[in-house]
Amino acid sequence: MSQKTLTENAAAGALEASPEASSSKRWWILAVIALAQLMVVLDATIVNIALPSAQADLGFSDGNRQWIVTAYALAFASLLLLGGRIADLFGRKPAFLIGVVGFAGVSALGGAATNFEMLVTARALQGAFGALLAPAALSLLNTTFTDAKERAKAFSVYGAIAGAGGAVGLLLGGILTDALDWRWTLYVNVVIAVVAFVGGWFLLNNHRDAANSKLDVPGTILVAAGLFAVVYGFSNAETHDWSSPETWGFLIAGGVLLAAFTWWQTKAAHPLLPLRILLDRNRAASFFAVLISGAGMFGVFLFLTYYLQLNLGFSPTRTGVAFLPMVAALMVMAQLGTTVLVPRIGPKTVVPLGFAISVVGMAWLTGIGNDSAYLTAVLPQLIIIGAGLGLVMPAAMQLATGGVAAEDAGVASATVNAMQQVGGSIGTALLNTLAASAATDYLAGKDASSKLVQAQATIESYTTAFWWSAGFFAAGALIAFLLYRRGVPEQDADAAPVVHM
């Protein structure tokens, strides 16, 4: 071996042994993962503000408009577990990079859409590539940060993005639509993806923790069809009625398929979702916390967006800016919760406390009126809700993936994402239906042609949604308190398995 080769090997060994270099690389990896996750999360809401402009440009009907949102949700939710398992089987780096490139490519396709069919196809493909990218990103985070303190900090950042990404999407969607064109709400993903791809290419190394396993094809079909049916059923509840066969029929079918999937996982030689992942009490509590957070947050983002724009006359950009204090509070409390509170007193106190704080904020938000001011009737409540969710989301995501065997990291991460997506679908359907019923009940016996009466009817619909969101958070507090074990979780007290970078 040449002297040059020996020197190079020695230098490489010194670099690998250097804690500073290793730590520096981990934080750069976090930046890349966070950027990719932001792209996936904000795309669930960034297009919403641009929908009126896109509809006017492409000329599709009000009935078809919902499919621009639903197509993304359906593909994303139904393919998440498959995406997570692909990352485990074939490597997280290729899954991450393919997901980034694919997401960027179909985003460009959607931005260049010349008709409704082209746009809705692009949105569905975005969901499919997002289902590959999101679990790969979270599992990379889970296997990269193994030191308890560093892991807590990393998950505080990731959880804050997962919780606040919707609000960031509203802000960015408003700015791009106002300043440029609705198409830039999709083109912007190309810019984000270039940075994420370059960073991932140079920083990540491939590792296949489940290389000796095989893909559970029957399980994949059952869970994909089951999740599709559940999300589609709840989506139909918005446009149809709960008594419609297209609503309850798909919900029942989804329940049966998911039950069959659960049974199959006890028989399969290489299960897609090993039940050991679900049977841990802290992990099960965390999944429920993510599900309920996803359902309750919808009440904040959607109905408060309507209120700010339609009742208070905010522009799309100003509406997005109005959510920033909530994002700031969420990020601060995410750091406090994961790095200080959970390692000291455990999740049994922290997560229910976060839900309880969110209940207070949501209940206070029901005091809005047509003549309310943002600074007194909205801002303090948003800060409180953000603080509460900051204690819930990052801690729940950390505990949902903590202590999972390396070969199961991808599918465990996918389950977290699936819970958040299904929770959002449930919240969308239930709160929309309840809000519409509240407005109809208020208008009964009144002069519906009066603008003042109509405005008050919308207030009734918003406050009803806020009360129900508060109820979701209250249920979350109770479930979290009952399910989480007492004390500090073991995975937070001890170092996790060896990192693969």
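For the reader, a short list of remarks on this structure follows.
- Selection status of Gly369, more than 17 Å from Tyr484 (Cβ to Cβ), surrounded by fewer than 20 Cβ atoms within 10 Å (Cβ to Cβ) and in contact (Cβ under 8 Å) with a residue 40 or more places away in the chain: yes
- Taking first residues from segment 416-430 that are closer than 16 Å to Thr70 by Cβ and partners that are not in a helix (DSSP H, G or I), the Cβ contacts under 8 Å between residues at least 6 apart in sequence or on separate chains come to Gly424/Ala44.
- Out of Arg123, Arg85, sole residue that is closer than 19 Å to Thr143 by Cα and at pLDDT 80 or above: Arg85
- Any hit, segment 219-237, residues being modelled with pLDDT under 80, among the hydrophobic types (A, V, I, L, M, F, W, C) and closer than 30 Å to Gly369 by Cβ: yes
- Residues in segment 93-105 include none that are closer than 30 Å to Thr317 by Cβ and of a type in the set (Lys, Arg).
- Check on Gly299, in a helix (DSSP H, G or I), among the small types (Gly, Ala, Ser), at pLDDT 80 or above and open to solvent by less than 40 Å² (accessible area, probe 1.4 Å): no
- Matching residues in segment 448-462 - criterion: being open to solvent by less than 60 Å² (accessible area, probe 1.4 Å) and either in contact with a Gly (Cβ under 8 Å, 6 or more places away or on another chain) or outside any helix (DSSP H, G or I) (or both): Ala448, Ser450, Ile459
- Matching option when the condition is open to solvent by less than 10 Å² (accessible area, probe 1.4 Å) and assigned to a helix (DSSP H, G or I), among Thr376, Thr338: Thr338
- Here Arg281 passes the criteria (1) touching a residue at least 40 places away in the same chain (Cβ under 8 Å); (2) buried (at least 17 other Cβ atoms within 10 Å of the Cβ) except the one numbered (2).
- Screening segment 214-269 for residues that are among the small types (Gly, Ala, Ser) and open to solvent by 70 Å² or more (accessible area, probe 1.4 Å) and picking the one that is nearest to Leu81 (Cα to Cα) gives Ala269.
- Options Gly402, Gly427, Gly445; residue that is under 17 Å from the mean Cα position of the chain (by Cα) and either crowded, with 16+ Cβ neighbours inside 10 Å or of a type outside the set (D, E, K, R) (or both): Gly427
The values are calculated or read from the model by the stated rules, or taken from the named source; none is laboratory data. Bear in mind that the values here come from a model prediction, so they are computed numbers and not experimental data. Quick reminder, even Gly has a Cβ in these numbers, built from the backbone with ideal geometry, and neighbours come from all protein chains shown. The protein model used for the area step is the full one, side chains on, heavy atoms only, and it has no ligands, DNA or RNA in it. Shrake-Rupley method; radii C 1.70, N 1.55, O 1.52, S 1.80 Å.
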